[in-house]
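**Q** Pasting a structure here, questions to come.
The values are calculated or read from the model by the stated rules, or taken from the named source; none is laboratory data. Note that this is a predicted model, so its numbers are computed, not measured. Because the Cβ atoms are built from the backbone with ideal geometry, glycine has one as well, and the counts that use them run over all protein chains shown. Ligands, DNA and RNA are excluded from the accessible area calculation, which covers all protein heavy atoms including side chains. Shrake-Rupley method; radii C 1.70, N 1.55, O 1.52, S 1.80 Å.
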Amino acid sequence: MRKSGRVFLAGVAAAGVAVELLLLVGAPTSLVPTGALGAAIPVALTYAVMTAADDGAQ
């Protein structure tokens, strides 16, 4: 799988966990999309930076 796919899947996984936790604690549904993006973006960016050396990128 290409790196972009792995980064995307890391973000989707983080968003899924955030959505499940927000629904579990009874958060308002209007908060769910913001929480999902708030989890997905930093996780995907961190994953991309941490694995940059794996692809030979500098």
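**Q** Are there any trypsin sites (Lys or Arg not before Pro) in region 1-54 that are in a DSSP loop and have at most 15 other Cβ atoms within 10 Å? List them by number. Could you put the intermediate results ahead of the total?
**A** Details: sites: ARG2, LYS3, ARG6; in loops: ARG2.
Of the trypsin sites (Lys or Arg not before Pro), the ones in loops of region 1-54 whose Cβ has at most 15 other Cβ atoms within 10 Å are ARG2.
**Q** If you don't mind, there's one more thing I want to ask. Roughly how many Å² is the accessible area per residue of the chain, as a whole number, for a 1.4 Å probe? Before the final figure, lay out the partial values.
**A** On the way: 4110 Å² over 58 residues.
I get 71 Å² per residue for this part.
**Q** In nm, to one decimal, how far is the VAL17 label point from the SER4 one, both placed 7 Å along Cα→Cβ?
**A** Taking the two extended label points, one gets 2.5 nm.
**Q** Give me a comma-separated list of calculated 3J(HN,Hα) values for region 12-20, in order, Karplus coefficients 6.51, -1.76, 1.60 applied at θ = phi - 60°, integers in Hz, x for any Gly or Pro.
**A** 5, 4, 5, 5, x, 5, 4, 4, 4
**Q** Per DSSP helix of 4 or more residues, -39500 (n - 2.57); summed, then divided by the residues of the chain. What does that give at 222 nm, rounded to the nearest 500?
**A** Computed mean residue ellipticity for the chain: -24500 deg cm²/dmol.
**Q** Given a cut-off of 18 Å, what percent of all Cα-Cα pairs of the chain lie beyond it?
**A** Looking at the chain, the distances longer than 18 Å represent 39 percent of pairs.
**Q** Ignoring any ligand, DNA or RNA, what whole percent of the accessible area of the chain comes from carbon and sulfur when the probe is 1.4 angstrom?
**A** 73
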